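Following: one structure in structure tokens, then a few remarks.
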Amino acid sequence: MKEKYTWNDVTLAQFNALQDVMKIEDDVEKAIALAELMFGENITELPVAEFNSVVRKLKFLQEEMPNTVPPKKLEINGRKYYTDCLLGNISTAQYVDFTNHSKTNDTAKILSCFIIPEGHKYNDGYDMQQVIGDIEEMPVPTAFSISFFFARQFSKFMGIFQTYSIRRIKKLKLPKPAKEAMIKAVQYSTSLALSPIS
């Protein structure tokens, strides 16, 4: 066990499990569950002094998670990956999978649309389940930086798309009710497109 731990020691899988642990009302039970989740040891067998020392190592969980720049390349479990989350680079298949995975709120599956093994194109010739498993083992600040980067980019793009489309519709020589219907359709389609990330 290390002397000091930070958010970078928390994997995405641990972070997801942490959400359930934080619902435990009894403070001692919560501390035991947190320590066992983070350190994988049977904490209840430790003497009280050692238990207290272990629990103090969890203090970082009270700190704000650091913001990090999304990496272009990363290594997880000895496998090399690159991130492909620039909106202009993603394929239709990536977008469709992103939309479908977003409905599940499974961050590892969502990120599997943008974290690709080196030497491959998206979903071509590699084991997607292995990629998802590796993503679950990545540090949670890194995982969140990638997902926030894409979400921010996508939101801006959809806002620009909506503004441009509405301006073009207003310039059309159509009856006012037709223009209003078209504008509502653009606004609705934009809100549908943004629903996976909101």
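Reported count of residues in segment 103-117, each being within 17 Å of residue 86 (Cβ to Cβ) and touching a strand residue (DSSP E or B) at 6+ places or on another chain (Cβ under 8 Å), is 3. Counting only helices (runs of 4 or more DSSP H) wholly contained in segment 11-105, the ones carrying 1 or more residues that are on the phi < 0 side of the Ramachandran plot and not assigned by TED's automatic domain parsing to the domain that holds residue 158 occupy 12-21, 27-39, 48-56. Inspect all residues belonging to segment 175-185 and state whether any of them is of a type in the set (Asp, Glu) and closer than 27 Å to residue 10 by Cβ. Looking through segment 175-185, none of the residues is of a type in the set (Asp, Glu) and closer than 27 Å to residue 10 by Cβ.
Looking at residue 104, is it without any contact (Cβ under 8 Å) to a residue 12 or more places away in the chain and over 18 Å from the mean Cα position of the chain (by Cα)?
Working: without any contact (Cβ under 8 Å) to a residue 12 or more places away in the chain: yes; over 18 Å from the mean Cα position of the chain (by Cα): no.
So residue 104 does not fit the description; no.
Remark: pairs (first residue in segment 169-188, under 20 Å from residue 158 (Cβ atoms); second residue hydroxyl-bearing (Ser, Thr, Tyr) and at pLDDT below 90; Cβ separation under 6 Å; 6+ apart in sequence or on different chains) = 186/165. Within this structure, residue 160 fails the test of being free of Cβ contacts under 8 Å to residues at least 60 places away in the same chain and surrounded by 17 or more Cβ atoms within 10 Å (Cβ to Cβ). Among the conditions (1) at pLDDT 90 or above; (2) more than 20 Å from the chain's Cα centre (by Cα), the only one that residue 169 does not satisfy is (1). Just to be sure, is residue 134 out of contact with any helix residue (DSSP H, G or I) (no Cβ under 6 Å at 6 or more places or on another chain), at pLDDT 85 or above, of a type in the set (D, E, K, R) and within 24 Å of residue 7 (Cα to Cα)? Criteria met by residue 134. The single condition among (1) modelled with pLDDT under 85; (2) closer than 16 Å to residue 139 by Cβ; (3) surrounded by 12 or more Cβ atoms within 10 Å (Cβ to Cβ) that residue 87 does not meet is (2).
The values are calculated or read from the model by the stated rules, or taken from the named source; none is laboratory data. Fair warning: this is a prediction, and the values are worked out from it, not measured in the lab. Every residue, glycine as well, gets a Cβ built from its backbone with ideal geometry; the counts of neighbours run over all protein chains shown.
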